[in-house]
Amino acid sequence: MLDKVTDFLDDRTGYKALLSHALDEEIEGGARWAYVFGSGLLTIFICQVVTGLLLMATYTPAVNGAWSSIYYIQHEVAGGWFVRGLHHYGSQAMIVVLGMHILQVALYGAYKKPREVTWWMGMALLGIVQGLSLTGYLLPWDEKGFWATKVATNIAGTIPGMGPQMQTLIVGGQEYGQSTLTRFFVLHVGVLPALLVLVVVGHLALFRKHGATPPAGADLRKKDKFYPDQLARDVAFAVLVVFAMALLTTVTHGADLGAPADPTADYNPRPEWYFLFLFQLLKYLPGSLELLGTVILPGVAGGFLFVLPFLDHGESRRVRDRLPWIAPILLGGLGIVGLTAQSMSQDAADPVFQAGRAKSELRAERAAMLAHKGIPPLGPLEMLRNDPMTRGADVDAQHCTKCHVLNGEGERAAPDHTGFASREWILGMLINPNDDHYFGKTKIDEMKPMEKIGEAKLKAVTEFLFSLGHEPQDPPFDKALADQGKEVLKDKCLDCHLYEGDGANVFDGPDMTGYASRTWIYRQIKNAGAATQFGEELNEMPIFEDDLDDHDILMVTAFLRQQRFAKPDFKVQPGKVEADDDK
């Protein structure tokens, strides 16, 4: 029965002759492991097509939806992280295997007559694969992809003459936005894959026409069949590559997803590892020399590879006879490896870069945590904009660290924000308010250390001041101890401070009503010179109601309020207590 079916199909299609032509091809010089790279590339490409189609089923190519859809794939779709990871590592595997393939062709002299066009198609494949990697990098619309793509397109803009026009065409205007994402999506899923298929088909057709190029010195009398001799090697290599991709995906849990792209954020971009060599090279070519690294050297390298079949036109394919032409390829490859390794090493040893990377990773983790609760219709940036721990931290970094230190960062010209209004912070302020971590660098210098009142009263007034910022969702405080502290405050502090309308006739310190509460912090940020805060005479803090909108003030207020649950990263020494001081 099966024979009848196969005979029927062969009679209508002629597939047996086609299979015989494909599988019975003789390989001059015998089957070799050096010939496996082409089949490996084809296998990876098929994997990329399959995983890419699966990703497209969920992906949304919109600025407000791209990151959200990738988050959904990564965290919500069953196996989505694995599919995306395979696609991610598949793109890197194509770069590696294609590089190995080109090196093998160069060493074997397989670019020589009559295989010049086959060589050029290989060069075209390299360009298309790099284009696919670059365009795919932007599609998640996260910080890393956004800024790396911006760097790459800025490099394109440095090309003399047509560079700015080319950059505008690629970006879709002057700003990076929806037009940029749409164009990269079309290039990644439509134009470049179609070109890749055309070039691969032409490459394979020419390969079958001219056959494999055996190494110099091979026994040309030996002839193996493609099936099973070479096919077995091809399948083994393809399985090994796919297994490596799957293993990397499993170990790393797929590709990273950074925080949503924010054009206003501070981010130190790096390209993917296979473009790091160019990034590192540009460090040595500042200013006007940059063109040498972005245009001239790549142009010379590409031109050399294009004309190589004409330069190396001798009959010998021995490497030692072709060293003048092979040496530039080998040296160029070593240069790429060396610059890549150097870039990675410098980044690993750069504390500023590592700190920035750590912040980016925390921001990405925060974004994923928030997204799990739901992403608003306006997109993930709106989600982060309404998150105090993200937007508040950004506002603090932009406006507050000029005078305050938070977690070791910033300038110390006013009280530290690390652990602000926590029990430990308040106690330290009472013990030595003139310490540099508190008011030692301000003109507020008349507050006396309170250590003399005794440990019990210090703890009581600390608990009371801490309780003033309490909210229902917070952990409980010691009410009995706070009540004792309230009496201590009335007895010892109201000569200089106000509390609920009672206290100093001469204003000599901030109003302690609701001290460090959300309302108090909000008023402090908005206008620290107000009568409810430090007053005009004592205040040195900028009035931010003119520089920040109410939303950002609320965000940084909520952010700073969370410091009450942290601890200061410093310890103060007791201040000097004058003999006649009993306050």
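Would you check if there is a residue in segment 49-69 being more than 30 Å from LYS373 (Cα to Cα) and in a loop (DSSP other than H, G, I, E, B)?
No, there is no match, as no residue in segment 49-69 is more than 30 Å from LYS373 (Cα to Cα) and in a loop (DSSP other than H, G, I, E, B).
If you scan segment 361-373, which residues turn out to be without any contact (Cβ under 8 Å) to a residue 24 or more places away in the chain and touching a helix residue (DSSP H, G or I) at 6+ places or on another chain (Cβ under 8 Å)?
Selection gives LEU370 alone.
Hey, among LEU54, LEU103, LEU134, LEU126, which residue is in contact (Cβ under 8 Å) with a residue 12 or more places away in the chain and crowded, with 21+ Cβ neighbours inside 10 Å?
LEU134
Just need a number here: residues in segment 99-125 that are under 19 Å from PHE310 (Cβ atoms) and assigned to a helix (DSSP H, G or I).
The number of residues fulfilling the criteria is 14.
From (1) touching a Lys or Arg at 6+ places or on another chain (Cβ under 9 Å); (2) surrounded by 15 or more Cβ atoms within 10 Å (Cβ to Cβ), pick out the condition that doesn't hold for GLY217.
Condition not satisfied by GLY217: (2).
All but one of (1) modelled with pLDDT under 90; (2) within 23 Å of GLU545 (Cα to Cα) hold for ASP445; which doesn't?
Against the list (1) modelled with pLDDT under 90; (2) within 23 Å of GLU545 (Cα to Cα), ASP445 comes up short only on (2).
If I ask for residues that are more than 30 Å from PHE310 (Cβ to Cβ) and touching a helix residue (DSSP H, G or I) at 6+ places or on another chain (Cβ under 8 Å), which ones from segment 322-345 would you list?
Result: THR340, GLN342, SER343, MET344.
Kindly provide the set of residues from segment 20-45 that are at pLDDT below 90 and either within 31 Å of the chain's Cα centre (by Cα) or among the small types (Gly, Ala, Ser) (or both), ordered by number.
Result: SER20, ALA22, GLY29, GLY30, ALA31.
Would you point out which residue out of LYS452, LYS443 is loosely packed, with under 14 Cβ neighbours inside 10 Å and in contact (Cβ under 8 Å) with a residue 60 or more places away in the chain?
LYS443 is the lone residue from the list that is loosely packed, with under 14 Cβ neighbours inside 10 Å and in contact (Cβ under 8 Å) with a residue 60 or more places away in the chain.
Out of ALA205, ALA244, I need the residue that is exposed (fewer than 15 other Cβ atoms within 10 Å of the Cβ), without any contact (Cβ under 8 Å) to a residue 60 or more places away in the chain and over 30 Å from ASN64 (Cβ atoms). Which one?
It is ALA205.
Conditions first: (1) of a type outside the set (D, E, K, R); (2) more than 21 Å from LEU427 (Cβ to Cβ); (3) in a loop (DSSP other than H, G, I, E, B); (4) touching an Asp or Glu at 6+ places or on another chain (Cβ under 9 Å). LEU494 passes all but one, so which condition is the exception?
(2)
This table checks each residue for (1) of a type in the set (A, V, I, L, M, F, W, C); (2) in contact with a strand residue (DSSP E or B) (Cβ under 9 Å, 6 or more places away or on another chain); (3) outside the structural domain of ALA413 (by TED's automatic domain parsing).
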site: LEU498; (1), (2), (3): yes, no, no
site: MET512; (1), (2), (3): yes, yes, no
site: ILE521; (1), (2), (3): yes, no, no
site: GLY529; (1), (2), (3): no, no, no
site: ASN539; (1), (2), (3): no, no, no
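Whether any residue in segment 393-412 is under 24 Å from TRP141 (Cβ atoms), in contact (Cβ under 8 Å) with a residue 40 or more places away in the chain, touching a helix residue (DSSP H, G or I) at 6+ places or on another chain (Cβ under 9 Å) and not in a helix (DSSP H, G or I) is what I want to check.
No - not one qualifying residue is present in segment 393-412.
For LEU323, state whether it is in a helix (DSSP H, G or I) and exposed (fewer than 13 other Cβ atoms within 10 Å of the Cβ).
Criteria met by LEU323.
Got a sec? Which of PHE8, PHE37 is of a type in the set (Phe, Trp, Tyr), in contact (Cβ under 8 Å) with a residue 24 or more places away in the chain and out of contact with any Gly (no Cβ under 9 Å at 6 or more places or on another chain)?
PHE37
Search segment 483-506 for residues that are free of Cβ contacts under 8 Å to residues at least 60 places away in the same chain and pair each with any residue that is assigned to a helix (DSSP H, G or I) and small (Gly, Ala, Ser) when their beta-carbon atoms are under 6 Å apart and the residues are at least 6 apart or on different chains.
Cβ pairs passing all conditions: GLN484/ALA460; GLY485/ALA460; VAL488/ALA460.
Determine whether ALA327 is among the small types (Gly, Ala, Ser) and touching a residue at least 60 places away in the same chain (Cβ under 8 Å).
Considered against the rule, which asks whether it is among the small types (Gly, Ala, Ser) and touching a residue at least 60 places away in the same chain (Cβ under 8 Å), ALA327 comes out as no.
The values are calculated or read from the model by the stated rules, or taken from the named source; none is laboratory data. All values reported here derive from a predicted model rather than from experimental measurement. Because the Cβ atoms are built from the backbone with ideal geometry, glycine has one as well, and the counts that use them run over all protein chains shown.
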